[in-house]
Structure formats: C-alpha cells, structure tokens
1. Can you tell me how much longer the chain between Leu115 and Ala196 gets when fully stretched, taken as 0.36 nm per residue apart minus their C-alpha distance, in nm with one decimal?
2. Could you check the spin-label model distance between Gln798 and Val104? Points 7 Å from the Cα along Cα→Cβ, value in nm.
3. Tell me, in nm to one decimal, what length is gained between Phe593 and Asp417 on full extension, where the rule is 0.36 nm per residue of separation less the Cα-Cα distance?
4. Report, please, the projected area of region 134-192 averaged over directions, based on the convex hull of its C-alpha atoms, in nm².
5. What are the residues whose amide H is under 5 Å from the amide H of Glu347, where those residues sit 5 or more places off or on another chain and H is modelled from the backbone?
6. In Å and on Cα atoms, what radius of gyration and Dmax does region 856-994 show?
7. Is any helix in the chain, taking whole DSSP H runs, at least 27 angstrom long along its axis by alpha carbon and on average at least 0.5 on the Kyte-Doolittle scale, and which ones?
8. In a Debye calculation with equal point scatterers on the alpha-carbon sites of region 387-510 and no solvent, what is log10 I(q)/I(0) at q = 0.10 Å⁻¹?
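Nothing in this text is a laboratory measurement; each read-out follows from the coordinates by a stated rule. Computed from a prediction, not measured in an experiment: that's the story for all the values here. All Cβ positions, even for glycine, are placed from backbone atoms using ideal geometry, and neighbour counts span all protein chains on display.
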Amino acid sequence: MGSVDGGKLRFCIDRGGTFTDVYAEIPGRSEGRIPRSSKVPTDKIEWVRMGTTVATNALLERKGEKIALCVTKASRICCRLVTRPVQISLTSLYQNHQNLYEEVVEIDERVELVLAKDVKSDSFASIVQGISGELVRVVKPLNEEALKPLLKGLLEKGITCLAVVLLHSYTYPHHEISVEKLAMSLGFKHVSLSSALTPMVRAVPRGFTACVDAYLTPVIKEYLKGFISKFDEGLSKLNVLFMQSDGGLAPENRFSGHKAVLSGPAGGVVGYSQALFGLETEKPLIGFDMGGTSTDVSRYAGSYEHVIETQISGAIIQAPQLEINTVAAGGGSKLKFQFGAFRVGPESVGAHPGPVCYRKGGELAVTDANLILGYVIPDYFPAIFGPSEDQPLDINATRVEFEKLAKQINFYRKNQDPAAKDMTVEEIAQGFVNVANETMCRPIRQLTEMKGHETKNHALACFGGAGPQHACAIARSLGMKEVLIHKFCGILSAYGMGMADVVEEEQEPYSAVYGPESVLEASNREATLLRRVKKKLLVQGFKEENITTETYLNLRYEGTDTAIMVKCPINENGSRGDYAVEFVNLFQQEYGFKLQNRNILICDVRVRGIGVTNILKPRALEPGSGTPKLKVDIRFTLGMAGTIHLCSGWKIWYMGMSSVVLLCKCSSCSCAFRSYVQHSQVATELLGDNLNEGDVLVTNHPCAGGSHLPDITVVTPVFDKGKLVFFVASRGHHAEIGGITPGSMPPFSKSIWEEGAAIKAFKLVEKGNFQEEGISQLLLFPSADESAHKIPGTRRLQDNLSDLRAQIAANQRGISLIKELIEQYGLETVQSYMKHVQVNAEGAVREMLKSVAAKVSSESAKVEGDSVIIEEEDSMDDGSIIHLKLTIDGQRGEAFFDFSGTSPEVYGNWNAPEAVTAAAVIYCLRCLVNVDIPLNQGCLAPVKIYIPPGCFLSPSDKAAVVGGNVLTSQRITDVVLTAFQACACSQGCMNNLTFGDDTFGYYETIGGGSGAGPSWNGTSGVQCHMTNTRMTDPEIFEQRYPVLLHRFGLRENSGGAGVHRGGDGIVREIEFRRPVVVSILSERRVLAPRGLKGGKDGARGANYLITKDKRKVYLGGKNTVEVLAGETLQILTPGGGGWGSL
C-alpha cells in the first residue's frame, strides 16, 4: 500500500481464482471504512485498474454461456475440440474436450477464391476484390429467409449467443455481417464474428476464437455488471480499465472474452518488466510467477513478446497475447513416488484440503517439502489453518507423512540395491523440490533456447506466492547469475495493472509477394489503420503527445506455414528499415537457417496504438548515506541430514525501493538433474570407429533403423575430452525425397529405389565441412543402378538442404546443453542419470505387465505356470497376415512378442521395417502403463521381440516400405492392443493422400474413428495411434492449391455399435481446379476395423472419383489417377470398432 497526495484513492486489483490481490495508494489521512451495504463513493477514487481470471476459469471449467456455432455448409468438423495429449494413455489419448458450442447451424452460402489468371470477362460481374486484395466469387449468396427459422429454433432452445465463422470471411466478411444483423434483430444478445475478432486467413483458429469470445464475453459482462453495481452514480466519470491478454488496458465496453483469458498473468508481466528492466538490471528478464497450482513464465527484453495464436484448454485463440508459458507445478502440486522416480504434479491438492500442513487431511505437496527444508517458516504465516482456521501450519503432520513415504522409498531402494543407504526425510523432500524445479525450468528453456536466446544471459524476475522459495535453485540450474525479487512480489500482478498502458489494435489481411509495390500498398494500409487506433485513443481522452504506435507485417516464406509478426525496424537515423531483412534475421535466429531464393509473402498488416498513462511508474531513488541496517534470514540446504548453511559466494544487494538482488559467484552448488537425451546406435553400427569431432551423419534407410525414406535422421556424435560419450539425433519428415510420384508416397512402388533417395549412412558434415555436393548427388539420383536413373530424384533439393542444415543446428544445440550438464555435474553423473531414466521406464513397464497378466481372463489366454499366452492376428486388405503370440510372465514382469506366422514380404509397399514394429510395440506399452514416462530404450528392456526374417515385418533391404510406416504400423498397433484386450481396433489407416504436378506437391493424412474401450466411447474424426498430424486449414488449402473443399465432416454412424461406440470416420470431398496426378494410399477398404468383447465392427473406408460426367468410380485402397479439372475425389475413412455387446 502506498501513500499519495491529492486526496483520492487508487486501486490495482488482481482477481484470482482463489485469492484477490489489491495494491492501493491512499491519501495521507484515513477516511474511515465503507460499510458493505453501502455503494462505493466514486468521488473518493481517482482510478481503478483490474485484471481477472473469470474468463480463464470459465474456460477451464467449461462454465461459459450456452452458444451455437454458425459455419459454412459441409464444414462443421473444422471447429471440433479433438486434441492429442503429450502424455500417452488409452483413457486420455483421444480425449474429446467438451465443445464450447451446444448446436451447429450450417449456413448454405459459399465464397470461393479466384486466381487472377482464371478470371474470364463473361464472369467478371460475379467477382469482387476482398479486403486482402484477393479476388473472390460469391458462388452461393446468403439466404436469410432460409436461415431465419434455424436461428429461431436456437432461441427456442434457450441459446442466445452465436459464434459465426464462414469460409473466406477474413477477406469477404459481408455474409458474416448479414448473419449478425439478422440474429440481433431476432433477439440474440451477443454475436461474435470471426472476421471482426481476428481478420486473418485460417478458418479453424478464427472459428475457435469466435467460439471462445461468444462463450466468455457474456460471463465477463455479467461479472463486470456486478462489480460496477457496487459503485454510486458517479461511475460514468470514474476511470476504470481492465487488463487484456496482450498487456494493455481497455475500458469496460471493449473488454471481451477472447482478449481476457490471460488478464491476470499479463499484469505480472507488466509489473516485473516496468519495475525492474532498465532500473535494476540491463539484462533481459525471465518472469517466474509461481503460484499454488501452476507457474507462469515469460520473457522481456525491452519490449513485450506477443504471440498471435495460442491454445488454452483445447481451444485455439488467435489474437495478440503476451507469450506466457504455463506449467502444472506450484506449491500445491502433489508429490508421488512411482516406479523408482520422484514425481511432482501435474495434479494439485488445491486450496481445500490443500497440503498436509494445512490441517485439513490433505496430501503431500511441494509446500510440505519446503516446510520440511525450512524454506517455509511457520512463524511467518498467519494462524488460519485447521477446521476452525485459527491454527498455524502443522510441521509435525507433514513430517509424519514424509516418514511414511520414506519407508516406501527406502524399501524400493533396498530391493534394487541392498547396499543403498536409506534416504532421510530431508533428502526426500529436497529430491521432490529438485524435480519441481526442473519441471519449472522447461518452459523457461522453451522461451529462450528454442528461440535462439542464451538462458544464462538473463536475470530471473521472481514473484508469486511460492516463487522466492525456488528462485535461487531455478537460476542456478539455468546458469543465471542474477535473481531479482520485487518488494511487492506477492502481489506483483496487481501492482502491474497500475503500470500498464491503454492499447488499441487494428489489423487486416493483405496477401501479396513482398516487393516495392506491395510494401507501398502495405504502408497505405498502415496509415489507414493508424488513423483508426489514434481516433479510438483520442476519444478516450488521450492527447496526441501521449499516443505512440507500432506497426507490423506478418510475413512468411513462400511454401511454408511459419509466419512471423515483424515489428517495423527503425534505423539509427530514425528512418524505417526493411521488414524483409528483419524477417530473415528473426527466422534464422529461431530456426537456425535461411531459405535461399525464396519469395517472402505478406499475410497481414497490424497496428498497435498505445495510450501512455504515466500514472504509476517506478522511480529510481537517490543513493542514501550511512550504513544500511538490514537483517536477512537465508537458508540453504546443501548437505542433507538437516544441515543448514549459507553457501559462500552469494552476495545480497538491496537495490532502490524495489528489489532484492542475489548474485552468485561460486560454482560449487548443485541442484536437481534430469535430462533425457536420445541415444542413437546407428552411427557406430554403420561407420565403426571412423568418427571424429565435427562429423555429422545422415541416414534414412529402413535397414539402418529408418521408418520410410521421407523420414531423414541426422546423427551427431558427442565427444568429451576426445572420447565419444553420446549421440544426439533429430529426425524430420521431408515432404519430397524423390521417387516415382511427387510427395514421395507412391501407392504402387515395388522396390525401395522407386520411393526416393535411400541413404544407409553418409557423413553429411566431415570435420566441420558440410558435404553439399555429396548429399546433393544422393538426393538427386536415388540409385547407382543404371536402370534406376529414370526414377526422379528430389524435386525440392534446396528445401532438403535447408531442412538438413536445420537438423544439424538442432543437434548442435542439444550438444551444447549436454556439455553444460557434463561441465556442471561431471560425465559420470550425467551417464548415471541417463541410465536411471531407462531403469525407471523399465520398472513401469514391468509393473504394467504383471498387472495385465493378473487381469487377462482365462477365456482369452492360455495359462502356463506364471505365464499367460495370448494369440492374435489381423490381415491387411490384400490378405497378408500379422500374427502375434504374446507371452507374459506375470512373476517377472516380462513379455515376449513373437510374430512367427506373419506373411512373407509383399510385392508392394506395405512392408514394414523392423524399426516400425518396435516403435508400435513401445507405443502400445507406453499407452498401457498409464504413467507419463519419457520415450527411451528402457521401455523395451523387459520385452523381447522376434520377427521372422523375410516376412513383411522384416523385409529385405530392396523392398518398398513407404506404406509400412503409414499403414502397417497401424495394423500392428491394433493387433498388440487387441491382444492385451485394451481397446477395439481403430481406423487402422492414415489415409495418405498426395496430389500435384511438375510445379507443386501436396500430402496429407486424414483422420478417422478410434476404437472404443471398456469405459469410453471411441473418438470421431481423429488421427489415431501412430500419427498425430494436423489437417491443413480449409482456407489455406484453397488459397495455396488448385482445389475446392466441398465437404469435410463426420461420416455419421460409421463407428461400430456396442456398450461403448467406436468413433466415426470422416468424409472429405475435394474438387480439383486444374489437371493433377492424385495418389491414395489407404487400408481398411476390404477388412473392417474389428470390435471387441462383442462390439460391432467399424465401417470400412472407401475412395471414389466423381468424374465430370457425374460417374462415381471406385478407386480401391491404393491407386494413382490423372484427374481432370472439375473432377472430385471423395474419401470415406473407416470408423472405429465398438466395445461390448448390447
């Protein structure tokens, strides 16, 4: 609380989910209290600034307004909330997030993009220029009379809010505007238009954003109505502003749902950046805001870092927001010991019952660990705990629970190593804190290392209720030497509200190749947008001299999906710089390479207007005289067994009015270590000892551990003191690698050389020199065999070279991180922990196998001693059999996967390399474990896999394999999961579609239905099991390729019936606007995905070509066809099998 002159109050409020923090500045004298029943007198208040988590909580808890979604007819699937989680388990793998909308209204309207060369004089009247400069044709105007009864039907169901997303409304918003006018005239209280909220190409994120806004804005308005009702009649003259997700303030009438989700955390970013940067340090800052349930991290280096698109609780939001990464680790994160590993979160004990020390019967949490270690001191906490909320923290209860856990941990350790020393309660508590610290370090590395910044060059700005307890350990782990803790660190988000400025933004799409003419047009658009934002700020009372502006262009390389919002660079003389130069620099910084001879495209023009408030700004104080009197109680627990001492080398400075700075000058401290590095054996197997520092290897051949040729692996050896100690590897899918069809996914390949360049092992870099000529030869000529020279090599050599350079750069960054670990902890410790990670995974799999062996019924398994034997098989559409004999030793927790009886190598391309089968097995095991364990070889330690040589799961090195990775892998997964009786068969296919000509190529995989399980329905329209690729957005699809998407929806009732239904497949219809070669590579067109436990089979898939004369021709599962302009491809993907008989 501060003191101000002038006699009026100032309030900064952070309304959180559990607590509300308030920073207030009051006059020098007290005005007394205001009774709860009285209105707040506005004549005594100068201003109020507020951030709130109301929108965030409503989204997370799905407690928003009932809404309906209006979409273009036949595109209703675009805004379904189906995501694949990072943690793999069968029960959550295809989690169908509850959609924000209750109903979907398909509007019979259509707007198409028109290419300039396709414009004909006789049709010019129907063509108009959109806002982006693109030409559009209104194929089907909006029929308001047909729409009116559909909207009335929604009102009758109690739905009064709409989200509207129509295809290509970013450039032609007229139909959306008409829908809004009609809806409001009928009595709807709120309509969110995607074209107004975020006028950018991409219908999917734009539609999600409209849904979020319609879902949350009424909730926010209702909350604000209640808040404002507590003030007297003078409210209209009171300055009340609300924090938005982009770090700017907005008045109540402009505060909407899609900009409010990060309202609270944004205040913290403003708080630490304005209070610390430039005043206490010149270093870039990492904001570290640790609360009870989660931790938010952000970065500030002189300007706010924004992202245009983010995902929160499954919903994509496309709007400028501060880049804030959140991890589920906080003071309330649960502590668990599982399979020999300490685990922290992501579950939270919450505020009720809370940690054990809260005296409410809670579970052990990070707060309890800090209490044991002395980082939390009960004497400094108010006595508000227990049933009567009048007792102090209970350290005794916490110690008792830790002692119980210590017995469990030490019992496990003795079983693993009889010579192992027992861990003390303090050691165990410190171990959990170390794990929590490493968990919170990960998002910090994502904001720095993954964007080309050195983490160690930053200072850590620590705040939040639990942050200072972990600050020094976090900084040390990341190599930082400076930690700043603001004196208002507990309420810094509230304090930041008062330092924020008012922000207005305008944006519009502009589609053009970057060049002199387009830059001039972009400047004209900027000027128009600048006038708009200035006008909005002037209306709010800002003077011209208090308004600043920023301009941006959203740029991307042609042929890529990666756009970067580039702020207008300013030269030293004050003139405008070149956006393109800045874009290239930013792209190289983040991705490690440039794309040579590639056009840069303009996507959007954006303007940000800032009304500078200057109402609560930190000021540096003049240095005082005399010796400061400062009492500091600092505790470090380095030696365990309760020893507490201060580590020499730390200096503590109290700086100005705002912060405590801790500087570490020593290198002897150690903290939690946890790093997962992928170990590759392919290098030594293929090249023996012929490896030197500065070498980099490349391989993609199936016999060298590859999957299919487009997946290229780059391997870099890691040396320590001249000794080879690790490998770092990165694998990337290259869209073009040569072969008989564009996209390198030929349906009819019979030999590997028909699929593109096959590299067993090649030194891509030798002693630091990039072997461009050598790798180019390998990519351009798929085989040395003269008969194969007719097979085209890669059609995109420069793209391949750029991607390979990026993979080399990624490996080099990984090597740098490994060497930092070795330098800090020593090689022996690092290698030990690499082994510990594998041992942990092995233990998890063994426990799962023991559990499965005990649960498998006698009906489906043969019992021999301690082992159960299950046999399962399934067939590919050509009749090739995958046979599995699974033997599980329930006593030892081991499994033998015997694929004897599998059909021989096929004269086709659905042969699967052995690595694919191993990958499918390890995937299934990770799903069945139902615990988040890192992917590593330890998962296969208790497992033996036998694949008969010569079968189509172990083909010769000459066999075609492109379909094995995308088709057979899915069938192997179905066979394994069915053997474990885990779930019914999923669609069993990736539905690979490629098309193109000599100028371009396109490749996609199409989702289908997942299989049902014992307690869940299958998910509809999802990528299943061995793939998680995202579909191309419909607007991008039509903008960049000569196609029209006529239908993209669920294939109703294609999932198998049962107690739990299988998920439905997808219907996708694509019309081609010019002649192309189309290839389809698919399965489950003959044999249906099977149900389990009496559940019915899912529907088979089908592929059709609808010709210009309206004939419907069946293409089968695998085919290549030359398609004419005006012809349509229809793909029906399989449904998932059902579970249980009805």
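1. My answer for the length gained is 26.7 nm.
2. A separation of 4.1 nm, rounded to one decimal place.
3. Additional length available on full extension: 58.5 nm.
4. Details: hull surface 16.2 nm².
Mean projected area for region 134-192: 4.0 nm², to one decimal.
5. Lys334
6. My reading of the Cα-based Rg and Dmax gives 14.9, 51 Å.
7. Qualifying helices: 203-228.
8. So the normalised log intensities are -0.57.
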